[in-house]
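Down below is the structure, laid out as structure tokens.
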Amino acid sequence: MIIPHHLKDQKVAVLGLGRTGRSVIQSLMKANAHVFAWDDQESVRSAAREQGLPIIDFNAIEWKSIDQLILSPGIPHLYPAPHPLVAQAQTVGLRPVNDLEVLYQSQPQAFYIGITGTNGKSTTTSLIGHILKECGKLVEVGGNLGIPALDLNPLNETGTYVLEVSSYQLETSPSLHFNVGVLLNITPDHLERHGGMEGYIEAKKLIYKNATPKDTLVISVDDPHCLTIYEALKAEGRMKVVPISTCKSLPEGIYVKDGVLYERTQPVLDLKGFSRLKGQHNWQNIAAAYGALRSMGLEGEAIAKGIASFPGLTHRQQVVAVYKNVTFVNDSKATNADATAKALTCYQDSRIYWLLGGRPKEGGITSLKPYFPFIEHAFLYGESAQSFYLTLEGEVPCTICQTLEEATEKASRLALESKKQNAVVLLSPACASFDQFRDFEARGDAFCGYVNAIIHSEQKKAS
Ligand code: ADP
């Protein structure tokens, strides 16, 4: 646990009592800060009260007497409108911060790597953390991913924090300074939280807000927004900038061509064999990790070894099992058509038994039409079943199911009975999970459970 001694005796208001808020409060109490806690939901407040957390009604709080306001990640401080309590705090000049800011203030001597972008943050963060650990470095991995920042271990000057940072977290961590920053890509997302595309791009640029000439930014040059940023930074020369690409050769940077990674035009690594990091999108993540770690002086060979032993992330094209002719893949994290497109591309040489559905996003799955010829059969479930059926009808054989469980059973049976080689039962829903599950993790875990049960019963039948 991180103990923010700099906040001793300070009056600190913590708004939002989810996992992050609670972690912040534990740390503040250990530091002997005066903590005031609040959450909009009465049920959350009463549970927190029972656990002995210091609940104080923020609607009646004297904001002038508060030294710090710490926000949970989901609470808007700017767009679409500041949370009313945040707006009140701002009138007396309080600037809300998040737990990453507190981490940085508590551990300023450590080395910091920050990863942001629209897609691929978690994969790249985990990959960098994994490689550093394999190289024997002292590392803590967290931020937007997994462990809340203040639950990480103190590293002082001996170690490296590898942090996944969302655009909101960048906006509310004014002093956070990354020795190495990674900007993977920028495509429209979460625009309502940033007042439009321009605001979103400005937020992403905060990854290098405190960079000095000693620091490095690894940045993709494959989308127009990142390319513009790269060109401006190169002209400015305020830090080292390493460009990466998966679609063009870069004499000065790191790029992937025909599945081979090049560093300054020298081929250094064949990426085609890394089955847990399949596809061009993952090659971008690998190139970014490679660039970041090379900038810290790691040898190419050590990085390659780390990539080879990366176990992959759950719920992202995770191979759950291979049984007879069928591979079962959990891509529950694919909550929109763009993410599902990545999985369908990776498996286009297979026979895909596709499980999809849930709460649909704008545009549905019409953008996936080019992939329809690769689909052997689609199994639709959830709120989107009827509308997706209309999109697929006449092009892909479809079965409408009531639940994911039914869809998994039907798809598995059909794939196994077909005895066709290279069959893949792929959960890549292109939808949010909230109509039937708590979140994408619960959906993916349920799928893994169904798959294991099916295989178990097949094995029993066979014995
Ligand atoms: P994030 O943490 O940014 O949401 P993840 O690493 O969890 O990203 O990946 C989520 C999904 O996004 C993956 O299942 C994959 O479909 C897609 N994805 C991963 N990396 C990239 C990338 N570099 N570019 C585009 N899409 C990606």
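Of the residues making up the range 341-375, those that are among the hydrophobic types (A, V, I, L, M, F, W, C), in a helix (DSSP H, G or I), within 14 Å of the ligand (Cβ to nearest atom) and touching a helix residue (DSSP H, G or I) at 6+ places or on another chain (Cβ under 7 Å) are ALA341, LEU344, LEU368.
Per the listing GLY199, GLY195, the residue uniquely in a loop (DSSP other than H, G, I, E, B) and either of a type in the set (Asp, Glu) or surrounded by fewer than 22 Cβ atoms within 10 Å (Cβ to Cβ) (or both) is GLY195. For beta carbons closer than 7 Å, sequence separation of 6+ or different chains, a first residue in the range 300-326 that is over 26 Å from GLU263 (Cβ atoms) and a second that is basic (Lys, Arg) and more than 16 Å from the ligand (Cβ to nearest atom), the qualifying pairs are ASN325/LYS419; ASN325/LYS420.
For PHE58, the conditions (1) assigned by TED's automatic domain parsing to the domain that holds LYS11; (2) at pLDDT 90 or above; (3) surrounded by fewer than 19 Cβ atoms within 10 Å (Cβ to Cβ) are fulfilled apart from (3).
Does LYS121 satisfy the condition of being over 21 Å from the mean Cα position of the chain (by Cα) and of a type in the set (Lys, Arg)?
Numbers: over 21 Å from the mean Cα position of the chain (by Cα): no; of a type in the set (Lys, Arg): yes.
It is false that LYS121 is over 21 Å from the mean Cα position of the chain (by Cα) and of a type in the set (Lys, Arg).
The set of residues in the range 8-48 being among the aromatic types (Phe, Trp, Tyr) and farther than 16 Å from HIS83 by Cα consists of PHE36 alone. Across the range 74-89, the qualifying residues are those that are part of a helix (DSSP H, G or I) and touching a helix residue (DSSP H, G or I) at 6+ places or on another chain (Cβ under 9 Å), and the one among them that is modelled with the lowest pLDDT is PRO84. Against the criterion of being out of contact with any Phe, Trp or Tyr (no Cβ under 7 Å at 6 or more places or on another chain) and more than 16 Å from the ligand (Cβ to nearest atom), GLU101 qualifies. Here ALA110 qualifies as surrounded by 13 or more Cβ atoms within 10 Å (Cβ to Cβ), farther than 18 Å from MET29 by Cβ and more than 16 Å from the ligand (Cβ to nearest atom). The single condition among (1) touching a Lys or Arg at 6+ places or on another chain (Cβ under 7 Å); (2) surrounded by fewer than 20 Cβ atoms within 10 Å (Cβ to Cβ); (3) over 22 Å from ALA453 (Cα atoms) that CYS346 does not satisfy is (2).
For every residue, the table says whether it meets (1) in contact with a strand residue (DSSP E or B) (Cβ under 7 Å, 6 or more places away or on another chain); (2) charged (D, E, K, R); (3) at positive phi; (4) more than 11 Å from the ligand (Cβ to nearest atom).
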{"position": "LEU261", "(1), (2), (3), (4)": "yes, no, no, yes"}
{"position": "GLY291", "(1), (2), (3), (4)": "yes, no, no, yes"}
{"position": "LEU298", "(1), (2), (3), (4)": "no, no, no, yes"}
{"position": "ALA302", "(1), (2), (3), (4)": "no, no, no, yes"}
{"position": "LYS305", "(1), (2), (3), (4)": "no, yes, no, yes"}
{"position": "ARG316", "(1), (2), (3), (4)": "no, yes, no, no"}
{"position": "TYR323", "(1), (2), (3), (4)": "no, no, no, yes"}
{"position": "THR327", "(1), (2), (3), (4)": "yes, no, no, yes"}
{"position": "ALA339", "(1), (2), (3), (4)": "no, no, no, no"}
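For SER332, the criteria (1) closer than 25 Å to SER220 by Cβ; (2) within 10 Å of the ligand (Cβ to nearest atom) hold in every case but one, which is (1). Specify the residue that is farthest from the ligand (Cβ to nearest atom); the eligible residues are those in the range 217-259 that are assigned to a strand (DSSP E or B) and hydroxyl-bearing (Ser, Thr, Tyr). That would be TYR255. It is to be established whether one or more residues within the range 114-121 are within 25 Å of PRO188 (Cα to Cα), within 16 Å of the ligand (Cβ to nearest atom) and of a type in the set (A, V, I, L, M, F, W, C). Taking every residue of the range 114-121 in turn, at least one turns out to be within 25 Å of PRO188 (Cα to Cα), within 16 Å of the ligand (Cβ to nearest atom) and of a type in the set (A, V, I, L, M, F, W, C). Among the residues of the range 409-463, those identified as hydroxyl-bearing (Ser, Thr, Tyr), touching an Asp or Glu at 6+ places or on another chain (Cβ under 9 Å) and either part of a helix (DSSP H, G or I) or at pLDDT 95 or above (or both) are SER412, SER418, SER428, TYR450.
Has the range 54-63 got any residue that is within 16 Å of the ligand (Cβ to nearest atom) and over 25 Å from HIS5 (Cβ atoms)? The answer is no, given that none of the residues of the range 54-63 is within 16 Å of the ligand (Cβ to nearest atom) and over 25 Å from HIS5 (Cβ atoms).
Screening ILE75, ILE70, ILE131, ILE147 for residues that are within 16 Å of the ligand (Cβ to nearest atom), crowded, with 19+ Cβ neighbours inside 10 Å and among the aliphatic types (A, V, I, L, M) leaves exactly one candidate, ILE131.
The values are calculated or read from the model by the stated rules, or taken from the named source; none is laboratory data. This structure is a prediction, so every number in the text was calculated from the model and none was measured. In this analysis, Cβ positions are derived from the backbone assuming ideal geometry, glycine residues included, and neighbour counts consider all displayed protein chains.
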